[in-house]
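The values are calculated or read from the model by the stated rules, or taken from the named source; none is laboratory data. Bear in mind the structure is a predicted one, so any value in this text is a computation, not a measurement. So basically every Cβ, Gly included, is an ideal-geometry build from the backbone, and we count neighbours across all protein chains shown. When the accessible area is computed, the model is the full protein with side chains, heavy atoms only, and any ligands, DNA or RNA have been set aside. Shrake-Rupley method; radii C 1.70, N 1.55, O 1.52, S 1.80 Å.
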Amino acid sequence: MTAAATPEFEVANERNKRRRGLFMALPAYLYLILFFALPLIIVVVYSFATRNRFGGTDLSGWNLEAYAKLGEPIVRDILFRSLWLAILTTIICLLFAYPFAYFLATRSQIVRNLMLVFVMIPFWSNFLVRNYAWRVLLGNDGPVSRLTENIGLGETTILFTPTAVVLGLVYGFLPFMILPLYASIERMDWSLIEASRDLGATGIQTFRNVTFPLSLPGVIAGSILVFIPSLGAYVTPEILGGAKTTLLGSYIVTQFLTARNWPVGASVSTVLMVVMLAATLVYFRKGGRTL
Amino acid sequence: MTAAVEITGVTKRFDDVVAVDDIDLTIADGEFFAMLGPSGCGKTTTLRMIAGLEFPTEGSLQIFGEEVGTLPPNKRPVNTVFQNYALFPHMNLLENVGFGLKMKGVAKPETTQRALAAIELVQLGGMEKRRPNQLSGGQQQRVALARALVNEPKVLLLDEPLGALDLKLRQEMQGELKSLQRDLGVSFVFVTHDQEEALTMSDRIAVMDQGKLLQVGTPEEIYERPANRFVADFIGQTNLLEGTVADATTVVLENGTRVAAASDHAAGTKVALSLRPERANLATRDAAPSDGAGIDGTVAGITYLGNALVYRVALDWMEVEVRDENRPNADRLNAGDPVRVIWEPGAVAVVAE
Ligand SMILES: Nc1ncnc2c1ncn2[C@@H]1O[C@H](COP(=O)(O)OP(=O)(O)O)[C@@H](O)[C@H]1O
Ligand SMILES: [Mg+2]
């Protein structure tokens with residue numbers, strides 16, 4: 001019964017099932033190839049091409065010039081600044097989201113569902129609109145500035161600074177951190193925490209040795225879900241960041257649309273995609289089970 | 001000698017559910033103490049209050065003379081073997097077992113050495129690098145045991161530790177647990193809903209139902225002299241013959257039969273006679289009852305158990321079971337045979353509600 005060969009008819013059955021599955025998935029595959037894989041390949045191909053004098057791109061004479069451009073101080077600064085702000089955003093999100101997710105996971109079912117709805121409410125309105133809302137809030141005569149002035153802290157002048165960008169990113173992506181964290185904490189076996197306390201661990205020891213390690217898949221999943229869009233963010237830095245804080249997203253857009261240097265735009269995009277791909281692989285290896 | 005655990009007037013309420021209802025209980029040092037009762041009767045809750053995972057709503061709880069009412073679990077000299085084992089999935093066996101010592105700040109070499117000894121004690125030597133999910137249910141159970149014992153608790157709490165194991169393994173572990181307890185000389189508080197398990201393993205048993213403590217005693221006391229109807233019925237098999245107390249030595253059954261049975265209930269009290277199937281015998285209708293009593297009936301059915309035969313005997317107003325050894329040359333009775341159910345004096349217990 002155990003190690004015996006699988007009967008012939010079962011093998012055939014399996015094969016049939018797989019074939020039928022492939023047929024059903026065909027439209028989705030076609031869609032992905034046409035609108036996702038193909039454009040991606042085009043971007044990668046363009047990154048090795050040459051810009052001609054008229055702002056067009058010559059698809060001949062392949063070279064690595066566009067990549068060499070990444071080493072230039074201006075581009076390198078933008079790269080590092082983007083990385084730094086994305087990491088900062090991720091860490092701040094984690095610090096806010098963890099206690100909240102933990103709190104959420106320990107509430108009754110009704111309270112949980114209600115609070116989860118609150119977490120999702122921002123999604124009901126347009127992302128762009130919400131970013132403009134922050135611009136109004138943080139503006140020179142905005143409510144935030146007036147409040148700080150009234151309580152004697154002086155004007156708030158963070159609009160068009162990296163601080164505003166991080167604030168906007170944290171605000172925008174916090175739910176992506178909360179949800180996987182909540183999922184991993186919520187499904188944790190609480191008797192493990194009791195076992196830890198029973199074995200003599202204090203509350204803090206229990207958190208360090210049991211709770212946190214067990215929620216790690218959620219931490220990784222949430223971090224990557226925040227880090228990836230933060231790294232390539234365009235809307236938020238455009239609206240809340242100043243001209244001095246150009247980030248990768250804006251830089252890519254400028255290269256494609258204003259400077260008409262498609263190879264450079266494509267090479268930066270490619271590098272960004274490789275970083276994201278690496279992060280995604282980590283996610284699937286370590287945290288993929290939480291979502 | 002101070003008691004290992006002293007529970008006085010303890011009640012535990014969850015909102016409007018009374019899980020444990022005004023319990024008094026003393027568990028001696030070094031005894032194997034079972035808490036027995038049907039599912040939902042409050043056994044786990046009682047155990048969790050001793051562990052500190054739940055705090056009593058009312059009453060006092062002392063461990064070796066120290067009031068521990070709301071002391072957190074990590075400050076109590078007790079450890080628990082959880083019902084689902086609750087092993088840490090992200091740690092290997094050695095880390096699991098060494099967890100308690102590590103948390104108490106015991107040096108690493110000593111932790112490792114003591115953990116290894118505990119693993120050896122539960123016969124899992126050589127498996128210390130495995131993760132819990134690479135172990136069978138029985139092995140996980142042993143890890144849970146080692147993880148608790150390595151901390152040298154003064155009282156070990158076990159919540160239906162054998163519940164998930166199959167019969168063969170369970171019986172094996174019953175023996176091992178019992179001898180382990182004897183060797184260590186530590187009190188074991190053992191929660192189970194399996195009356196046979198409680199009878200075979202324990203020095204004393206507490207029987208609970210619906211949050212109330214019904215009786216505490218040795219297995220023999222509980223089996224022979226059940227405090228009430230529920231205990232008589234829950235422990236082992238029994239026939240409950242309804243009747244009324246006539247005087248201090250007589251009970252009148254529903255059909256008017258007068259049975260010699262001592263009780264201290266007032267005359268007129270509604271009671272039941274608990275007659276164990278193995279204590280009842282079948283005789284011919286003309287047999288003179290030896291001062292117990294005889295009730296006439298008819299064999300209604302026979303169940304063959306291999307080592308025994310169980311006769312279902314139809315009386316005028318109810319059916320009783322009579323268990324007979326399966327002796328080689330005995331005359332077997334057949335369905336329809338007229339019989340008289342008899343028993344030795346003192347074989348029945350009188351129980352009230
Ligand atoms: N955390 C809790 N919240 C509410 N009710 C509970 C809780 N724990 C136990 N109970 C209730 O208390 C009663 C006793 O439960 P328990 O001690 O687990 O019984 P047992 O272990 O004997 O099966 C049950 O009715 C159960 O539903
Ligand atoms: Mg229980």
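Summary table below
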item	result
Breaking point among (1) in contact with a Lys or Arg (Cβ under 8 Å, 6 or more places away or on another chain); (2) in contact (Cβ under 8 Å) with a residue 40 or more places away in the chain, for B:L156	(1)
Unique match (being touching a helix residue (DSSP H, G or I) at 6+ places or on another chain (Cβ under 8 Å) and more than 16 Å from B:L158 (Cβ to Cβ)) among B:K75, B:K104, B:K12	B:K12
Residue list for region A:171-184, restricted to those being of a type in the set (F, W, Y) and either open to solvent by 40 Å² or more (accessible area, probe 1.4 Å) or at the interface with another protein chain (Cβ under 7 Å from one of its Cβ atoms) (or both)	A:Y171, A:F176
Index of the failed condition, A:L214 passing every other in (1) within 30 Å of A:S269 (Cβ to Cβ); (2) within 14 Å of chain B (Cβ to nearest Cβ)	(1)
Members of region B:91-116 that are more than 13 Å from A:L199 (Cα to Cα) and touching a residue at least 24 places away in the same chain (Cβ under 8 Å)	B:M91, B:N92, B:L93, B:L94, B:R114, B:A115
Among (1) at pLDDT below 95; (2) within 21 Å of B:T45 (Cα to Cα) - the single one B:G243 does not satisfy	(2)
Members of region B:88-100 found to be more than 8 Å from chain A (Cβ to nearest Cβ) and surrounded by fewer than 24 Cβ atoms within 10 Å (Cβ to Cβ), listed by number	B:M91, B:N92, B:L94, B:E95
Residue within region B:130-144 that is within 16 Å of ligand 2 (Cβ to nearest atom) and within 13 Å of chain A (Cβ to nearest Cβ) present	yes
Residue under evaluation A:G249, criteria (1) small (G, A, S); (2) over 30 Å from A:S47 (Cα atoms); (3) touching a Gly at 6+ places or on another chain (Cβ under 6 Å), criterion not met	(2)
Count - residues of region B:325-341 that are surrounded by 16 or more Cβ atoms within 10 Å (Cβ to Cβ) and either among the hydroxyl-bearing types (S, T, Y) or at pLDDT below 90 (or both)	1
Residue in region B:106-117 that is within 30 Å of B:V5 (Cα to Cα), more than 14 Å from chain A (Cβ to nearest Cβ) and of a type in the set (A, V, I, L, M, F, W, C) present	yes
Test: B:G268 is touching a residue at least 24 places away in the same chain (Cβ under 8 Å) and either over 21 Å from B:S202 (Cβ atoms) or touching a helix residue (DSSP H, G or I) at 6+ places or on another chain (Cβ under 6 Å) (or both)	yes
Qualifying residue in region A:185-207 (condition: open to solvent by less than 10 Å² (accessible area, probe 1.4 Å), more than 10 Å from every other protein chain (Cβ to nearest Cβ) and part of a helix (DSSP H, G or I))	yes
1 or more residues of a type in the set (S, T, Y): qualifying helices (runs of 4 or more DSSP H) within region A:28-144	A:38-47, A:65-68, A:73-105, A:127-138
Qualifying residue in region B:48-59 (condition: away from ligand 1 (no atom under 15 Å from the Cβ), closer than 14 Å to B:L213 by Cβ and touching a residue at least 12 places away in the same chain (Cβ under 8 Å))	yes
Where B:T303 falls short, out of the listed (1) touching a Leu at 6+ places or on another chain (Cβ under 9 Å); (2) in contact (Cβ under 8 Å) with a residue 24 or more places away in the chain	(2)
Criterion: closer than 16 Å to B:V348 by Cβ, of a type in the set (S, T, Y) and loosely packed, with under 15 Cβ neighbours inside 10 Å - qualifying residue of B:T249, B:T257	B:T249
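Residues are listed down the side, and each one gets a yes or a no for (1) modelled with pLDDT under 95; (2) more than 16 Å from ligand 1 (Cβ to nearest atom):
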| residue | (1), (2) |
| --- | --- |
| B:V20 | no, no |
| B:G42 | no, no |
| B:T45 | no, no |
| B:G69 | yes, yes |
| B:V97 | no, yes |
| B:L116 | no, yes |
